[in-house]
Structure formats: C-alpha cells, structure tokens
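The structure appears right after this line, and notes come after that.
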Amino acid sequence: MYRNRKKRISLTSSQSIALVFAFVILLGTLLLCLPFASRSGESCGLRTALFTATSSTCVTGLVLADTWTQWSGFGQIVLLCLIEIGGLGFMTIASTLIFALKRKMNMGQRLLIAQSIGSDGIGDADRIQKKILIGCLSVESIGAVILFFRFLPLYSPWVSLKLSVFHAVSAFCNAGFDIFGFEAPGSSMMLYGTDTVVVLTLSALIIVGGIGFLVWDELVRIRRAKKWSVYTKLVLITTAALLIGGTLLFCLLEWNNPKTLGAMTVPQKLTAAFFQSVTTRTAGFAGIDQGALTDSGKAVTMLLMLIGGSSGSTAGGLKTVTFIVLMLFLWSRLTGKDSVNVFHRTIPGKQILNAVTLCGLMILLAFFGGAVICATSPASFSDGLFESISALATVGLSTGITPLLSVPAQLLIILYMYFGRVGILTLSLGFLQEKASQNKIKYAETNLLIG
C-alpha cells in the first residue's frame, strides 16, 4: 500500500535534456570560479563565472570580459570543453561512451538521444550517433590543420596550435569565442576579417556545423539530390539563399561606411560581407565592428541572427526551416490557398501552428529583453534589442554593451541564452504540456474583424 501511494518522479526527454544542460552550466560555473581559472589568480566571482559558463555551454559567445585577458590556460580549457559539450550535445557524448563500452541502450535512452539531436525516429539514433562524433572530430581536425598552417608563419608552433584548435572547435560549434585578446582585447576576428584562408575555413566550419547532423548524414548516405528528403532540400536552399542574400545586403548597406567596409578594397569588402552573412547566423565571430554598422545593417544582422541555423545542429535561432515554413504560409494565405505545399508535399497545419507560435514567442521575448536592457543599462533600445536577439538566438555578436549591462540585464541575458539553446518550444512542451490536452467544452464560433 505504501508503494502504491508513493509518487514516482518521471522526467520527459525534454526535461532531462534541460536539466542536463543546467547541470553542465553549474559545473562550469564552479570550475570558472576557481582562482587559477583566472589569469590574475583571483576568483572572477559567481556572476561572471555563471554568465561565461552559460554563454559557452549554450554556444553563444557573449562575454563580460575578453576571453584571453580574463581566463588562464585552465580556464580556456574549461571553456573549450563546455563549448564542445554544448555544441555536440551532452547526450551525444554520453551515447558515444555507451557505444565505446559496447553497451546496448534501452528505449528511454534511445528516445532521449533522438530528441537531443533533433531526430523524429528512435530507430535512427543508433546509426546517427555512431557517425556524429567521428564526423564532428574529423571536420574540426581538418579546420584546425588549415588554420594551424595559416597561423604558423605569424606565431610559434605552440601558439599556432592553440589558436587553430580553439577557433576550429568554436567555429564548428557556432560558439563565437576567440582568444586573440593577446593581440587586441575584444577584437574578436577583426584582425583576420579579410583574410581569405581564415574566413573561408571558419565559414566552412560554421556552415557545416549549422546545417544539422541529420542533413549531412543524409547527404553522405544519399548521393542523388532527387532522393533527398523535403527537409534536407529546404535546409540547403534556405541556407544558400540566406548566405547569398545576406552578403549582397551587407555589401549594399555597408559598402561606403568608413567604419566597416568603406576603407577596404573590393575583394576585402566581398570577403568581409560574406563572413558577416555567415557569422550572424549564430556563429558570433565579429569580422567587423558591430557597433559601427549602419542602422539598416544592424536591422539585417538582427534578422539573420533571429533566423539562425538548422534544427538538430550546433546553431540556435528560430531555425531555417521554421522561417521558410512561415514564409510559405504567408505566401499561401496571400494567394488565397488553404494549404501550404512544397516539393509536392503538404505541410501539416500543426507544424505551421508550432512555427507561428515559436516565432511569435521569440519576437515578444526579444522586444521585452531590449526594453529591459534599455531601461536598466546605458544603452539605446536598438543596441538593447541587438543584445537580446543575440542572446536568445545564441549568436554572441554585440555592439559592445555587454560589459555595461546592469545586474538584472545580465541575469536576463543568462536566461535567454539558456532558453535559446535548450529550445523555447521544447521547454514549453516538456515542462508545461506533458500530454496534449483537449478542450472538454466547445463553444459556438464567432467571427471577428481581422486586419
């Protein structure tokens, strides 16, 4: 009888992922609080450690102090580990250990892993998990080798190795952390914003990490484009369109701005504009001064940050397919169609409703965050909105106001980074709606004036 009355606590997969990320952030906070984690030998304090641990685990890149200047070698290793865990997903690493030990996963573990990588099928988790670690480490290693030989003529072999490994991992995980502070604190990638080798290498890492595990797994398995899934086609087309469109817009809006692209040569302008288009979609490396962008340039940056990368990837944001579903829905409504069709397939109404809900929620949170930052910190609303979107979409770009944020604004940014990484929709469904509930009472319909 006692056993029957005793309540058992069971967590859904969404809740488990959220709690695991919270635990990793807490552990990282404790490690960064240690005196020898800071270059000065003194503890940085709980708030700075929590902010940085959240930013690295959620692969955002916003910092209160320059990474190289603030953190010692031990602190930088902690950050690199948090970035890798946050980028690949805790359950990806855990499942890899299970495979290494040749253990079989139970159904609960399969469901947890499948959701952590954005897979709808439980049966696919085994096959996908075996490839994720090898694929990720291979891509990061190739990027690190290219960067190593690029940095080698400029720095010692040891420094070149540290720079190449750190930035390859940070780029692939879309984290945006850099350790070029020994050259110019807070400069991010502006020293190499027009370097073709560095820009193309980092861009390739960012794009591969941002299209999603499921997409590049399908590209490897299926060579014919006609047999690709609708999701993969939408991801590739939307990503290419955003990269090309973003590059053209930044060239158009910043071409004569002396504080960004104006003083560069034509090839340098094209390189910097392309990198800005790539990095705004959750990577967070600043190739040009974000605070010096024109108002229209900032608007385009905020839009690209809000869209972000693709589902099941190292990127954050609204996600590319969510964005294109919204665009297709708007086009269908404007043309008088009652369904949304793409590639001879119909998108279910429930998924469209989820996309609208997520978009509306993110926009409301972004404006609320901008208002809070503007009201509590020495920043304009546009800069506050920029910071808010950057945190919510786990981008990490900033107009330079992050160190000036008030304590309430910093705490809000921490929450936004966590929500943005774990997933606003996942959190709401996991914690608030364990089971879809149906209304027991139906009322008569009423017509309203819309528009």
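Some notes on this structure:
- Listed by position, the helices (runs of 4 or more DSSP H) enclosed by region 306-419 that each have at least 2 residues that are under 30 Å from ASP66 (Cβ atoms) and open to solvent by less than 20 Å² (accessible area, probe 1.4 Å) are 349-376, 381-392.
- Subset of region 154-185 [acidic (Asp, Glu) and surrounded by fewer than 20 Cβ atoms within 10 Å (Cβ to Cβ)]: GLU183
- If you filter region 265-293 down to residues that are touching a helix residue (DSSP H, G or I) at 6+ places or on another chain (Cβ under 6 Å) and within 20 Å of ALA366 (Cα to Cα), you find that the one that is most open to solvent (accessible area, probe 1.4 Å) is ARG281.
- Residue that is among the aliphatic types (A, V, I, L, M), in contact (Cβ under 8 Å) with a residue 12 or more places away in the chain and over 25 Å from PHE323 (Cα atoms), where the choices are LEU242, LEU249, LEU236, LEU270: LEU270
- Only one of LEU252, LEU243, LEU200, LEU214 that is under 17 Å from the mean Cα position of the chain (by Cα) and either at pLDDT 95 or above or within 12 Å of VAL278 (Cα to Cα) (or both): LEU243
- The criterion of at least 3 residues that are without any contact (Cβ under 8 Å) to a residue 40 or more places away in the chain is met by the following helices (runs of 4 or more DSSP H) wholly inside region 145-230: 157-172, 213-221.
- Residue selection: ILE146 satisfies the criterion of being surrounded by fewer than 20 Cβ atoms within 10 Å (Cβ to Cβ) and either touching a helix residue (DSSP H, G or I) at 6+ places or on another chain (Cβ under 6 Å) or charged (D, E, K, R) (or both).
- Qualifying residue in region 241-253 (condition: outside any loop (DSSP other than H, G, I, E, B), out of contact with any Ser or Thr (no Cβ under 6 Å at 6 or more places or on another chain) and under 23 Å from GLN351 (Cβ atoms)): yes
The values are calculated or read from the model by the stated rules, or taken from the named source; none is laboratory data. None of the values given here were measured: they were computed from a predicted structure. In this analysis, Cβ positions are derived from the backbone assuming ideal geometry, glycine residues included, and neighbour counts consider all displayed protein chains. Accessible surface areas use protein heavy atoms only, side chains included; no ligands, DNA or RNA. Shrake-Rupley method; radii C 1.70, N 1.55, O 1.52, S 1.80 Å.
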